[in-house]
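Trainee: Before I ask anything, here is the structure I am working with.
No lab work stands behind these numbers, since they all come straight from the coordinates. Worth saying up front: this structure is predicted, and the values here are computed from it rather than measured. Every residue, glycine as well, gets a Cβ built from its backbone with ideal geometry; the counts of neighbours run over all protein chains shown.
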C-alpha cells in the first residue's frame, strides 16, 4: 500500500488505540460497553421491526447473515492460530465486534422469551 497521509493517520490511530486498550481494565470496560450496546441494538431492532409486520422477515435475514459472518470471521482466525500452536490473542476490533454480536443475539433471545410468556 502506498504511504499516504491518510494511510499513516489510520495506522497511527490503530496503534494508539491498541496501546491504550492493552490495559486489562480498559479492555474489559470496552468489552462490556460493546456487549451492552449490542443488547440495546437488539432490543431496538426487535421493537422497530415489530411495529410494521412487513420488516420482520428482512430484518431477521439481515441479522442472521450478520451473526453468521461475524462468527465465521471471529472464530476461524482463532482456529488457524491454535492449529499452528501460536498464542491465542485476538485483536481488539475482533473482540469488540464479537461481543456486540453476542449482546445482539442475547437481546433477541430475551425478546423472544418476553413474547412467548
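Trainee: Remind me, relative contact order of the chain in percent, using alpha carbon pairs under 8 angstrom and six or more residues apart?
Mentor: Relative contact order of the chain: 43 percent.
Trainee: Could you give the length gained by full extension between residue 57 and residue 115, i.e. 0.36 nm per residue of separation minus their alpha carbon distance, to one decimal place?
Mentor: In short, 19.2 nm is gained.
Trainee: Relative to the present Cα-Cα distance, how much length would full extension add between residue 29 and residue 8 at 0.36 nm per residue of separation?
Mentor: Using 0.36 nm per residue and subtracting the Cα-Cα distance, I get 4.8 nm.
Trainee: For the chain, take the longest principal axis of its alpha carbons; what is the angle in degrees between that and the long axis of helix 56-83, to the nearest 10 within 0 to 90?
Mentor: The helix 56-83 is inclined about 30 degrees to the chain.
Trainee: How far is helix 5-20 tilted off the main Cα axis of the chain, in degrees rounded to 10, range 0 to 90?
Mentor: For 5-20 against the chain, the angle is about 80 degrees.
Trainee: Expressed as an acute angle from 0 to 90° and rounded to the nearest 10, what is the orientation of the C-alpha long axis of helix 92-116 relative to the principal long axis of the chain?
Mentor: Around 10 degrees separate the two axes.
Trainee: Now, a different point. Mind checking the full-extension length gain between residue 91 and residue 15? Use 0.36 nm per residue of separation minus the Cα-Cα distance, one decimal, nm.
Mentor: That pair, residue 91 and residue 15, stretches by 26.2 nm at full extension.
Trainee: Over segment 14-65, what number does the Rg to Rh ratio reach, with both radii from the alpha-carbon atoms and Rh per Kirkwood?
Mentor: 1.23
Trainee: Ok, one more. Which FRET efficiency value, to the nearest 0.05, is calculated for residue 36 and residue 73 with the Förster distance at 25 angstrom and r the Cβ-Cβ distance?
Mentor: Once rounded, the FRET efficiency stands at 0.70.
Trainee: Sticking with this one: At 222 nm, what helix-only mean residue ellipticity would the chain give, in deg cm²/dmol to the nearest 500, using -39500 (n - 2.57) for each DSSP H run of four or more?
Mentor: Per the formula, -29500 deg cm²/dmol.
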